[in-house]
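As C-alpha cells, the structure follows; a few thoughts come after it.
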Amino acid sequence: MTAQLLFADRLYDGERAQTDAAVLIVDGRISWTGQRSRVPGEAKGANELRTPDGTTLLPGLINCHIHLTVSGGPDFDVETRGSDAELALRATVNALRSLAAGVTTVRDLGAPTSAAIVLGRAIAAGELIGPNVIAAGRGITSTGGHGWQIGRQADGPDEIRKAVREQLFAGASVIKIFSTGGVLGTGAHPDVAQLTLEETTAAVEEAHSRHLRVTTHAHATKGAKIAIEAGVDSIEHATLLDAEAIRLCKDKGVALVPTFAALKAILSNRERLAPDVLARASALTERHQQGIRDAIRAGVKVAAGTDAGTPFNYAERFGTELEALVEIGMTPERALAAATSVAADVVGRDDIGRIRPGARADLVAVKGDPLSDVRACWQVAAVWKDGRSVPTTSAAARRA
C-alpha cells in the first residue's frame, strides 16, 4: 500500500472551497479529505507532501471536447489526412500537452482513425503517461456532411446503427454524431440539419443499449431539436439555440458544451484563414454567447470543452474556455465547476472531477486563487495523475 498525505493552504473540491485542507491518497485513490487539524489515524506513516506556496489545489480539469489527432493548424482538412503514424504521434503529444495544462481527462470527439482509442488504452494500462481518454472513435455523419474527415458516413437508421456498432467494436467509450453542418472544411452549412429524427434515434438507442452516452455536434436550432427529441445526452457548440430548444434541454436534462475557444481562435487569426470560415464564425459569435447565457439562466447544465485541434486552438490552451465562460457571466467558481464536477457528470464518470473519497487522485495545483480570478488556471504549478506527480514543463508537453 502506498499512502500520501497532501496538505493545501487552499482547496476547491469541485463543489466548495476550503482552507488549511488535507487529502489522503492511498494507491492512487482519495481515501479522505478534510481539515488539516482533523487528519484521521489511518494517515499515520503516510508520506507527507505540500502543494507549492501560494497555490490552490483543484480536481484535475476535464476537457469535454478535444480532437487529439489534429494540432490546430490553419487547414483542418489537411491535418486530418496525415498518415496513421502521424495521427498517433499527434495524439500522444497533444495528450501530454493537455496533462501539462492540468487537464487530467479528455473526451476525444472524432478522429480519422482509432488512434485516440488505442492511446487511451495504453494510458489506462500504465504504458504511457497521459490524461484519461474518453474516445468516440469516428464521429457519425451523413454522406458528405460536416465532419466527414473524422467521421463514418452513414445514411438511414440501419446504416447509422451499424456505424455505432462499429465504433463500439473499436472500443469507443462515447458516441459522437453530427446533427448539423459546421464552420470548418467542406460539408454542410451550420444551419443545415444533417440527420433525421429516425437516424438520430437509431444512434441513441444503439448507444444507450450498450450504456454509452451520445453527444452531438449541433449549431442550429432545427438539428439540435431533432437531437434533443431523440434523446442525446449533450450538445456540442449549441451555437444558435432558441428559447424553445433551451427549454427542451432543461426539461430533458441535455447538457451543453459551448466550445467558445474554437470560435475565439478563428477570429483571433483572421488573416490566416479562408474567407468562408471567417464569415461563418463571425455570424455565429454574438448569438452563441447570448444563447449560452440564456441557457445558464434557465438552469441548463454547461460543461467546459475547447474543441482543441481546430485552427489555432491548441490542446494546452484550456484556460481560454474558462475565461470565455466567465466573460459570458459565469462566476469563476461556476466556471471551475464546469471544468470539474459538472464536466464529470456530463461525461458520465463519478471517479473524476471531485476531490472526495473514492475518486481518482487526479489533481492540479495552480498559482493564485482561481475562485477570484479564473486566469490563475493558466499558471499550473503541479499535476498529479492517479496520485503520481507528472511533469508540467517537459519539451514534449509545452509548445514552443
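State which residue pairs qualify: first residue at negative phi and modelled with pLDDT of 95 or more and inside the range 371-382, second residue of a type in the set (Asp, Glu) and not in a helix (DSSP H, G or I) in any location, beta carbons under 9 Å apart, and separation of 6 or more residues or different chains.
Listed by first residue and then by second, the contacts come to Ala376/Asp369.
Anything in the range 212-248 that is part of a strand (DSSP E or B) and more than 20 Å from the chain's Cα centre (by Cα)? List them, or say none.
Result: Ala220, Leu240.
Assigned to a loop (DSSP other than H, G, I, E, B) and either assigned by TED's automatic domain parsing to the domain that holds Leu128 or closer than 24 Å to Leu128 by Cβ (or both): does that describe Asp369?
no
Yes or no: the range 262-284 includes at least one residue that is of a type in the set (Val, Ile, Thr) and not in a helix (DSSP H, G or I).
There is no residue in the range 262-284 that is of a type in the set (Val, Ile, Thr) and not in a helix (DSSP H, G or I).
Within the range 26-34, is even one residue assigned by TED's automatic domain parsing to the domain that holds His217, of a type outside the set (Phe, Trp, Tyr), within 27 Å of Gly348 (Cβ to Cβ) and in contact with a Leu (Cβ under 8 Å, 6 or more places away or on another chain)?
Scanning the range 26-34, I find no residue that is assigned by TED's automatic domain parsing to the domain that holds His217, of a type outside the set (Phe, Trp, Tyr), within 27 Å of Gly348 (Cβ to Cβ) and in contact with a Leu (Cβ under 8 Å, 6 or more places away or on another chain), so the answer is no.
Six or more apart or on different chains, Cβ under 8 Å: which pairs go from a residue in the range 30-54 that's touching a residue at least 60 places away in the same chain (Cβ under 8 Å) to one that's part of a loop (DSSP other than H, G, I, E, B) and small (Gly, Ala, Ser)? Could you list them?
Ile30/Gly358; Ile30/Ala359; Ile30/Ala361; Gly54/Gly368
Determine which member of the set Gly120, Gly145, Gly137, Gly151 is at positive phi and not basic (Lys, Arg).
From the options Gly120, Gly145, Gly137, Gly151, the qualifying one is Gly137.
Run down Gly139, Gly120, Gly171, Gly130 and say which single residue is closer than 19 Å to Thr69 by Cβ and either touching a Gly at 6+ places or on another chain (Cβ under 6 Å) or outside the structural domain of Thr285 (by TED's automatic domain parsing) (or both).
Gly139
Can you name the number of the only condition in (1) assigned by TED's automatic domain parsing to the domain that holds Val174; (2) under 20 Å from Ile134 (Cβ atoms); (3) out of contact with any Lys or Arg (no Cβ under 9 Å at 6 or more places or on another chain) that Ala343 fails?
Just one mismatch for Ala343, condition (3).
For the range 64-97, what are the residues that are in a loop (DSSP other than H, G, I, E, B) and of a type in the set (Lys, Arg)?
Arg81
Please go through (1) outside any loop (DSSP other than H, G, I, E, B); (2) surrounded by 20 or more Cβ atoms within 10 Å (Cβ to Cβ) for Ile352 and return the number of the only condition it doesn't satisfy.
Status for Ile352: all satisfied but (1).
The values are calculated or read from the model by the stated rules, or taken from the named source; none is laboratory data. Everything numeric here is computed off the predicted structure, so don't read it as measured data. Glycine also receives a Cβ, built like all others from the backbone with ideal geometry; neighbour counts cover every protein chain displayed.
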